[in-house]
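What follows is a short report on a single structure.
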Amino acid sequence: MIRVYALSCGWLDFEKNLFFPAVAPGQNIVAPVSSYLIVHEKGRLLFDTGIHCDALVDPVGRLGRRIASLFSIRSDAGEGVVGQLAALGLQPDDIRYVVNSHFHFDHCGCNASFPRAQFLVQRAELAIARAEPKRYDQKDWDLPLDYREIDGEHDVFGDGTVVLLPTPGHTAGHQSLWIRAGTGAQFVLTGDACYTREHLEKTILPQGTFDAAQMTHSFSVLRGLRDRQGVQLLYGHDAEQWNTLPQAPRPLV
Ligand SMILES: [Zn+2]
Ligand SMILES: [Zn+2]
């Protein structure tokens, strides 16, 4: 029996054009930042760690001038991964595995809070982060943590219930997470492989895409899981969907 919790990690406010390049500049959207907790009998797993809390008080200092100029961050009391875990009666050390979908600031900003966890990251993501240090913020990921490099698909607990799924294109080594929760419920946490339902339905490639062909292929993999396997896709930054999901401390399933 697996439990899944959707953890609210605040909101990003930015030019809609970043997500939807056909939209003229001058319109903003607000998108959720999320993390997910998966409770398996062999351990607890966290999918992404959100934005570092310092970014709220000193955005330029934490995120750098470029990111801070593109995104405004909003967060209510109790949001953020550590606070959301606390509301479930959990400490960071209760987490056995952390999965980073990729190394953008809104997905691995609180990695440092989990020094005892093992981090599951695609080899291609770590390789490009090390080779091109300007691509990601080293404060977020380049830490004395137990990074385990994964090549492609990986069955985390060995029973097919929680499986890493490579979905490159947004970044070089992006990965999503396929969860078979039992009682027929299946989810894929897409991360930024797909920001919103509209991106998938209209095959919209956002600004900053690392590899358009790979991203288009990852879209088709996600569509296939949805259409042929009955998987529910939980998109990386879809406010409309997020607002319909039960959020922690209530379980999603
Ligand atoms: Zn991203
Ligand atoms: Zn993101």
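Just checking, which of 33, 4 is under 19 Å from the mean Cα position of the chain (by Cα) and closer than 17 Å to residue 111 by Cα?
33
Within the stretch 126-137, can one find any residue that is within 16 Å of ligand 2 (Cβ to nearest atom) and in contact with a Gly (Cβ under 6 Å, 6 or more places away or on another chain)?
Looking through the stretch 126-137, none of the residues is within 16 Å of ligand 2 (Cβ to nearest atom) and in contact with a Gly (Cβ under 6 Å, 6 or more places away or on another chain).
Each row is one residue, and each column tells you yes or no for (1) without any contact (Cβ under 8 Å) to a residue 40 or more places away in the chain; (2) surrounded by fewer than 17 Cβ atoms within 10 Å (Cβ to Cβ); (3) out of contact with any Asp or Glu (no Cβ under 9 Å at 6 or more places or on another chain); (4) closer than 21 Å to residue 3 by Cβ.
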| residue | (1), (2), (3), (4) |
| --- | --- |
| 166 | no, no, no, no |
| 174 | no, no, no, no |
| 179 | no, no, yes, yes |
| 194 | no, no, no, no |
| 206 | no, no, no, no |
| 210 | no, yes, yes, no |
| 214 | no, no, yes, no |
| 218 | no, no, yes, no |
| 237 | no, no, no, no |
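Quick check, is residue 73 within 16 Å of ligand 2 (Cβ to nearest atom) and touching a helix residue (DSSP H, G or I) at 6+ places or on another chain (Cβ under 8 Å)?
Taking the combined requirement at face value, the residue satisfies it.
Mind checking which residues of the stretch 181-192 are more than 18 Å from residue 219 (Cα to Cα) and open to solvent by less than 10 Å² (accessible area, probe 1.4 Å)? Lay out the reasoning, then the answer.
To start, the set of residues in the stretch 181-192 that are more than 18 Å from residue 219 (Cα to Cα) comprises 181-185.
Correct list: 181 only.
Tell me yes or no: at least one residue of the stretch 44-51 is in a loop (DSSP other than H, G, I, E, B) and aromatic (Phe, Trp, Tyr).
Taking the stretch 44-51 first, the residues in a loop (DSSP other than H, G, I, E, B) are 48-51.
After this cut, where a residue has to be aromatic (Phe, Trp, Tyr) as well, the list is none.
Within the stretch 44-51, not a single residue is in a loop (DSSP other than H, G, I, E, B) and aromatic (Phe, Trp, Tyr).
Within the stretch 91-122, which residues are in a loop (DSSP other than H, G, I, E, B), open to solvent by less than 20 Å² (accessible area, probe 1.4 Å) and away from ligand 2 (no atom under 16 Å from the Cβ)? Even if it seems obvious, please write down each step before you answer.
Taking the stretch 91-122 as the starting set, the residues that turn out to be in a loop (DSSP other than H, G, I, E, B) are 91, 95-96, 100-104, 109-110, 114-117.
Next, from what is left, pick out any that are open to solvent by less than 20 Å² (accessible area, probe 1.4 Å): 95, 100-103, 109-110, 114, 117.
95, 114, 117 - these are the residues of the stretch 91-122 that are in a loop (DSSP other than H, G, I, E, B), open to solvent by less than 20 Å² (accessible area, probe 1.4 Å) and away from ligand 2 (no atom under 16 Å from the Cβ).
For the stretch 44-82, give me the residue count where each residue is crowded, with 18+ Cβ neighbours inside 10 Å and of a type in the set (Gly, Ala, Ser).
4
Considering the stretch 122-150 alone, what residues qualify as being within 15 Å of ligand 1 (Cβ to nearest atom) and either touching a residue at least 60 places away in the same chain (Cβ under 8 Å) or closer than 23 Å to residue 10 by Cα (or both)?
136, 137, 140, 141
Answer with yes or no whether residue 5 is within 16 Å of ligand 2 (Cβ to nearest atom) and in a strand (DSSP E or B). It would help to see each step written out before you state the result.
Values: within 16 Å of ligand 2 (Cβ to nearest atom): no; in a strand (DSSP E or B): yes.
Taking the combined requirement at face value, the residue does not satisfy it.
Kindly indicate whether residue 118 is touching an Asp or Glu at 6+ places or on another chain (Cβ under 9 Å), in contact (Cβ under 8 Å) with a residue 24 or more places away in the chain and within 24 Å of residue 216 (Cα to Cα).
Against the criterion (touching an Asp or Glu at 6+ places or on another chain (Cβ under 9 Å), in contact (Cβ under 8 Å) with a residue 24 or more places away in the chain and within 24 Å of residue 216 (Cα to Cα)), residue 118 does not qualify.
Output the residues belonging to the stretch 161-180 that are of a type in the set (S, T, N, Q) and over 16 Å from residue 107 (Cα atoms).
161
Conditions (1) away from ligand 2 (no atom under 16 Å from the Cβ); (2) in contact with a strand residue (DSSP E or B) (Cβ under 8 Å, 6 or more places away or on another chain), marked per residue:
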| residue | (1), (2) |
| --- | --- |
| 169 | no, no |
| 205 | no, no |
| 209 | no, no |
| 212 | yes, no |
| 224 | yes, no |
| 227 | yes, no |
| 231 | yes, yes |
| 236 | no, yes |
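So residue 78 fits all but one of (1) in a helix (DSSP H, G or I); (2) within 25 Å of residue 14 (Cα to Cα); what number is the exception?
Among (1) in a helix (DSSP H, G or I); (2) within 25 Å of residue 14 (Cα to Cα), the lone unmet condition for residue 78 is (1).
The values are calculated or read from the model by the stated rules, or taken from the named source; none is laboratory data. Just so it is clear, the model here is predicted, and its values are computed rather than measured. Because the Cβ atoms are built from the backbone with ideal geometry, glycine has one as well, and the counts that use them run over all protein chains shown. Keep in mind that these areas ignore ligands, DNA and RNA; they rest on the heavy atoms of the full protein, side chains included. Shrake-Rupley method; radii C 1.70, N 1.55, O 1.52, S 1.80 Å.
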